[in-house]
Amino acid sequence: MKVIVMGAGVIGVASAWYLARAGHEVVVLERNAGAARETSFGNGGQISVIHAEPWANPAAPWKLLRWLGKEDAPLLFRLRADAAQWSWGLKFLGECTSARTRHNTVQLLRLGLYSRESLQALRAETGIEYDHLERGILQYFTSEKEFAKADGGAQLMRELGCERLLIDADEAVRIEPALAQIRPQLVGATYSRADESGDVYLFTTRLAERCAALGVQFRYGVRIQRLHAEGGRMRGVEYADESGAYQVEKADAYVLALGSFSPQLARTAGVDLDIFPVKGYSVTLPVLEPALAPTVCLTDEEHKVVFSRFGDRLRAAGTAEINSYSMELNRVRCEAIVRRTLDVFPGVSRAELAQYWTGLRPSTPSNVPYIGRSKVEGLYLNTGHGTLGWTHGCGSGRAIADIIDGRQPDCDFAFCGTDQP
Ligand SMILES: Cc1cc2nc3c(=O)[nH]c(=O)nc-3n(C[C@H](O)[C@H](O)[C@H](O)COP(=O)(O)OP(=O)(O)OC[C@H]3O[C@@H](n4cnc5c(N)ncnc54)[C@H](O)[C@@H]3O)c2cc1C
């Protein structure tokens, strides 16, 4: 079967890999000059299966209100006269009840477990290197009030069969000695030993090379204009090639993996998707003093910043801005991340060496992605992975390949194309 994959982020490339492994002829269409040049370029690096709670949770509405208009707030809703933003925001609020949060967490956890197992198998099979670490994720707290709530999340994970330990500050420093410098501020932590980290850009570009070796054709520099659907079935994808000429490419199946830009293209085939871009930032610093840098992946709960060590680099990422498609770099938000990094790890690097990056998380209100069939025959969805696209990348790619082949993926997840509730 010939399959066109739209988008060469981590989701598109993982889809291409599993489809090619299943023996399909695969063509990937991507507007950039290479893979992983947009949201899958500079993310936080966490494979955070056991920290799967969505942003939409019972505490979120109050935090959003408190942070409204605060330029360096971890989560910032910039209210605009944009119907899509308001509609998404209202649905987000609808996902903040305890029952919905629990339901969504269970979905995200199941997909995460399946995805981590798929990533580990892929790693063993291919030997792919991407500065990955298997030292767990440690989420540390500097506020007694927030730490008091940590037990709830840990308990839910235990109920679901996953170990997220509640530990004291001394134990946190024993696990990650680089936290010693902020020991007086630490009040406690949670630790999920089975979680991992790694550089999504290295992973995606190296997996794309392996896909090409299997015969996958990557057409870079082509901009998809619209999907041709007629009589309830896909007929082709129209794109402008590098010279600006329009082409229509046809296949037996089509996978939509365009990240934050999926809704616009899906609409041309009559499919509505609840995806809105949630902007985030990261900074990458060269590690000048290795002994001062962490090797366990960390989450700074109060500042909502994550830290991942990639060899001789330290990545710090965070903040969320629900605003628009603007890719403008907001220096205030980047500088806040650098400041926090150097407060936690003084001397590890120098602020003037920081490389800033911004990306748009393709977010559904629940953070649960669309994976599966759409109402248009032949059009499959693999998009809307929000805060967890790297964590869920391999599982999503493997699942969509199974679904296209008519097999039920080996994961108890609500594979919900838009034809199902
Ligand atoms: C600051 C930040 C930190 C994050 N940290 C983590 C983390 O620690 N762990 C985690 O699991 N996730 C994290 N994420 C989320 C994760 O990075 C995303 O969910 C994931 O990268 C989305 O992948 P994607 O392939 O769907 O989208 P993308 O990587 O954006 O890929 C979509 C591709 O489609 C292409 N495209 C779009 N429109 C067109 C068109 N018209 N024609 C042709 N090509 C087109 C784009 O060029 C792009 O290459 C983070 C995100 C951000 C922003």
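The values are calculated or read from the model by the stated rules, or taken from the named source; none is laboratory data. Here the structure is a predicted model, which means the values were calculated and not measured. Cβ coordinates were reconstructed from backbone atoms using ideal geometry, including for glycine residues, and neighbour counts include every protein chain displayed. For the accessible areas, the whole protein counts, side chains as well, though only heavy atoms, and no ligand, DNA or RNA atoms are used. Shrake-Rupley method; radii C 1.70, N 1.55, O 1.52, S 1.80 Å.
A few points about this structure:
- Here r is the Cβ-Cβ distance between Thr268 and Arg78 and R0 is 35 Å; the resulting FRET efficiency, rounded to 0.05, is 0.80.
- With protein chains left intact and a 1.4 Å probe, residues in the range 28-172 average 46 Å² of accessible area per residue.
- Two-decimal log10 I(q)/I(0) for the range 272-346, as the Debye equation yields it once each C-alpha is a single scatterer, q = 0.14, 0.18, 0.26 Å⁻¹: -0.49, -0.73, -1.23
- For the pair the range 184-206 / the range 324-397, the C-alpha centres are spaced 14 Å from each other.
- Each Cα pair under 8 Å and six or more residues apart adds its separation to the average, and for the chain the resulting relative contact order is 26 percent.
- Estimated translational D of the range 260-401 in µm²/s (Stokes, Kirkwood radius over Cα pairs; 20 °C; 1.002 mPa s): 128 µm²/s
- Prolate/oblate/rounded label for the range 325-403 (Cα gyration tensor, a/c 1.5): prolate
- Considering only Phe203, Val278, Gly311, and ranking their Cα positions along the charge dipole of the range 203-347 that arises from unit charges at the beta-carbon of Lys, Arg, Asp and Glu, the one farthest toward the positive end is Phe203.
- Potential extension, Glu25-Ala245 segment - 0.36 nm per residue separation minus Cα distance: 76.8 nm
- Calculated from the alpha-carbon coordinates, the chain shows an Rg and a Dmax of 20.8, 66 Å respectively.
- Nearest-20 debye value, the chain charge dipole, Cβ charges on Lys, Arg, Asp, Glu: 660 debye
- Shown are His103, His24, His385, whose ranking by accessible area with a 1.4 Å probe and every protein chain present, most to least, is His103, His24, His385.
- At the residue level, Phe41 shows approximately 80 square angstrom of accessible surface with a 1.4 angstrom probe and all protein chains present.
- Around the Cα centre of the range 267-368, unit charges on the Cβ atoms of Lys, Arg, Asp and Glu (plus for the first two, minus for the last two) sum to a dipole of about 160 debye.
- Calculated on C-alpha atoms, the gyration radius of the range 109-161 divided by its Kirkwood radius gives an Rg/Rh of 1.12.
- As a length-normalised measure over Cα pairs under 8 Å and 6 or more apart, the relative contact order of the range 276-396 settles at 30 percent.
- A full extension of the chain between Asp168 and Gln355 corresponds to an added length of 64.0 nm, given 0.36 nm per residue minus the alpha carbon distance.
- Among the trypsin sites (Lys or Arg not before Pro) in the range 245-335, those located in a DSSP loop and surrounded by at most 16 other Cβ atoms within 10 Å of their own Cβ are Lys250.
- Fully extending the segment from Glu125 to Tyr220, taken as 0.36 nm per residue of separation minus the present Cα-Cα distance, adds 31.5 nm.
- Prolate/oblate/rounded call for the range 172-318, Cα gyration tensor, a/c under 1.5 rounded: prolate
- Percentage relative contact order, the range 185-319, counting C-alpha pairs under 8 Å, at least six apart: 16 percent
- Furthest towards positive pole of dipole, Ala189, Gln355, Val376, structure part the chain, Cβ charges: Val376
- Using a Förster distance of 30 Å, the FRET efficiency for Arg331-Glu209 (Cβ separation, nearest 0.05): 0.30
- Area accessible to solvent at Asp168, 1.4 Å probe radius, in Å²: 90 Å²
- Selected from Trp86, Gly153, Ser118, residue furthest toward positive end of dipole (the range 42-158; charges at beta carbon): Trp86
- Dividing the Cα radius of gyration of the range 70-167 by 2.2 N^0.38 Å, with N the residue count, gives 1.44.
- For the range 271-354, chymotrypsin sites (Phe, Trp or Tyr not before Pro) are listed when DSSP marks them as loop and at most 11 other Cβ atoms sit within 10 Å of their Cβ; the list is Tyr325.
- The trypsin sites (Lys or Arg not before Pro) of the range 48-94 that DSSP puts in a loop, and whose beta carbon has at most 13 other beta carbons within 10 Å, are Lys70, Arg80.
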